[in-house]
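Read-outs throughout are calculated quantities, based only on the coordinates presented, and are distinct from any laboratory measurement. Here the structure is a predicted model, which means the values were calculated and not measured. Cβ sites come from the backbone with ideal geometry, for glycine too, and all protein chains shown count toward neighbours.
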Amino acid sequence: MSNRLEAVVADAVEGIRGALMKHNVTFEEYRQGIGYLMKTVEAGELPLMIDAFLNTTICQIENRNFGGSTSTLEGPYFLDDAPFVDGALKTYEDDRHEPLLLRGRVLDLAGAPVADAVVDVWHSTPDGHYGGFHNNIPRDFYRGKLRTDAAGQYEVRTTVPVAYKIPDQGPVGALLEAMGRHSWRPAHVHYKVRAPGFHTLTTQAYFEGGAYVDSDCCEGVHPELIHADVRESGIKVIETDFALAPA
Ligand code: MBD
Ligand code: FE
């Protein structure tokens with residue numbers, strides 16, 4: 001059992017050693033790196049740092065192993081107790097943001113519809129926060145569960161999300177800035193699709209031409225997850241079919 005641990009840690013160390021060698025890292029820089037890691041731990045941002053750099057790799061491994069639609073980051077703002085919603089997500093009463101229709105089908109790998117699949121949808125508020133996490137926004141705002149019908153279809157109305165800035169006042173923000181990067185994620189809609197007998201799919205949708213689509217600080221964007229600006233009777237539509245791999 002410890003062989004797997006030994007293999008992963010040994011290769012991780014080897015990778016870091018390669019980077020140190022390649023860039024002629026000095027003893028002083030090495031000490032600075034340790035100091036930076038200490039600060040990150042003290043600030044409680046170690047999970048944020050590891051997520052920003054490495055979570056997307058774990059998703060790539062899942063994509064390689066399971067097949068079906070492309071999976072990407074769950075992020076820190078999923079709530080499993082979101083209510084089932086009928087027709088529309090709860091939004092701010094004065095939300096004047098552009099309306100958005102999310103719809104599509106849940107399918108198996110052969111393209112047959114999956115009825116009674118549960119599709120969790122969640123995204124940012126128009127002011128760039130998440131319900132249940134920031135500014136006392138109710139936990140059922142801008143999130144909800146949908147159930148697919150006999151044709152595997154789901155549909156829900158909401159408003160267009162905005163780009164999201166990960167915490168940038170601490171060590172992680174400082175590191176990204178020192179690297180010449182920023183702390184923004186492009187506007188996105190999160191999905192988690194579950195059905196008995198299938199592997200759970202966690203993914204996101206992005207907006208073509210949106211800010212930061214080409215420079216996501218968490219590197220979670222895949223080209224096939226970027227949606228063109230499609231409109232129906234003037235209403236913006238994101239249509240996403242999810243192909244689920246067998247469990
Ligand atoms: C988010 O909203 C998000 O989706 C990810 C992956 C990381 C931080 C904030
Ligand atoms: Fe998010």
Per residue Cα convex hull volume in Å³ - calculated over segment 123-247: 142
Counting only DSSP beta bridges fully inside the chain, the antiparallel percentage to nearest 5 is 70
So how compact is the chain: Cα radius of gyration and Dmax in angstrom? 20.1, 64
Quick one: order Thr72, Thr56, Thr158 by neighbouring beta-carbon count within 10 Å, fewest to most. Thr56, Thr158, Thr72
Between Ala211 and Met21, what is 0.36 nm times their sequence separation minus the Cα-Cα distance? Round to one decimal in nm. 64.8 nm
Does segment 1-103 come out rounded, prolate or oblate, given a ≥ b ≥ c as the square roots of the eigenvalues of its C-alpha gyration tensor, rounded meaning a/c under 1.5 and, failing that, prolate meaning a/b above b/c? prolate
Relative contact order, percent, segment 62-244 [alpha-carbon distance under 8 Å, six or more residues apart]: 29
Here segment 92-101 yields Karplus 3J(HN,Hα) values (6.51, -1.76, 1.60; θ = phi - 60°; whole Hz; Gly and Pro given as x) of 3, 4, 9, 5, 9, 5, 4, x, 9, 10
Within the set Gly35, Gly152, Gly18, GNM on the chain using Cα springs under 10 Å gives the largest fluctuation to Gly18
With a cap of 13 neighbouring Cβ atoms within 10 Å, and only residues DSSP puts in a loop, list the chymotrypsin sites (Phe, Trp or Tyr not before Pro) found in segment 100-166. Phe133
Per the 1/(1 + (r/R0)^6) rule, R0 = 25 Å and r from the Cβ atoms of Met179 and Asp127, FRET efficiency to 0.05 is 0.35
Based on DSSP H runs of at least 4 residues, each adding -39500 (n - 2.57), what is the mean residue ellipticity at 222 nm of the chain after dividing by all its residues, to the nearest 500 deg cm²/dmol? -7500 deg cm²/dmol
Answer rounded, prolate or oblate for segment 76-136, using the Cα gyration tensor with square roots of eigenvalues a ≥ b ≥ c: rounded when a/c is under 1.5, else prolate when a/b is larger than b/c, else oblate. prolate
How would you rank Ser2, Ser215, Ser183, going from fewest to most other Cβ atoms within 10 Å of each one's own Cβ? Ser2, Ser215, Ser183
For a quick check: with amide H placed at 1.01 Å from N, whose amide H comes under 5 Å from Lys90's, ignoring anything fewer than 5 positions away on the same chain? Tyr142, Arg143
How far apart, in nm, are two points set 7 Å out from the Cα along the Cα-to-Cβ line at Ile235 and at Val41? 5.2
